[in-house]
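These notes concern the structure reproduced below.
Every number in this text was worked out from the coordinates using simple rules, so none of it is lab data. Since the model is a prediction, treat every value here as computed from it, not as a measurement. Cβ coordinates were reconstructed from backbone atoms using ideal geometry, including for glycine residues, and neighbour counts include every protein chain displayed.
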Amino acid sequence: MRVPLLYPVVAVLHPLDPVATRAVDPPGAPTQGYDDILGEPIPYDAASGAATDTRQESAELRIPCQVEVMTHEELQQMDTGDAPLSRYVLVFHRSDLDNLGLLDATTRKVSIKKNDRVSRIEKKGFPGTVTHPLDHDLFVYKIEPGSWGMGPDGYDLELCYLATRPDAMK
């Protein structure tokens with residue numbers, strides 16, 4: 001038995017490219033644009049005095065998903081707090097991820113990573129037709145399995161929790 005997505009839409013995801021980001025040499029220290037320990041781009045203070053991001057991204061991906069909205073009680077239990085834009089959870093189907101090459105062939109782990117960016121949600125089958133405009137980009141906070149006991153991998157769904165970036169990085 002396979003668990004389907006009930007109301008599919010498309011998330012437009014921009015994967016963080018750690019290699020290209022690491023190659024950015026921001027002024028001053030540090031001398032690379034990627035923090036290997038935190039797994040995220042290193043901001044630096046541009047000549048304007050504003051925080052500037054060294055983020056480099058791979059080509060955007062359009063991934064079918066279902067959008068879930070977390071309740072206030074669920075948000076209180078998460079590290080991201082109860083910011084209005086940390087409420088979204090994307091539900092991906094593993095067969096869609098597999099078709100897009102986003103599952104490792106050997107380990108079957110998802111290649112979507114923390115700090116990948118979601119820029120918009122589009123209507124499925126109508127690329128460019130935004131169903132819900134986002135005031136801010138959202139970033140992958142964590143991704144974990146869902147629907148235990150279903151599908152060939154033991155679960156069919158992946159839950160992708162989203163959060164906003166700190167104000168200094170907007």
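Applying 1/(1 + (r/R0)^6) with R0 = 25 Å to the Cβ-Cβ distance of residue 153 and residue 37, what FRET efficiency is obtained, to the nearest 0.05?
On the way: r = 30 Å, r/R0 = 1.22.
Here the calculated transfer efficiency is 0.25.
Subtracting the Cα-Cα distance from 0.36 nm times the residue separation, let me have the gained length for residue 58 to residue 111 in nm, one decimal.
On the way: separation 53, 0.36 × 53 = 19.08 nm, distance 1.26 nm.
Going from the current span to full extension adds 17.8 nm.
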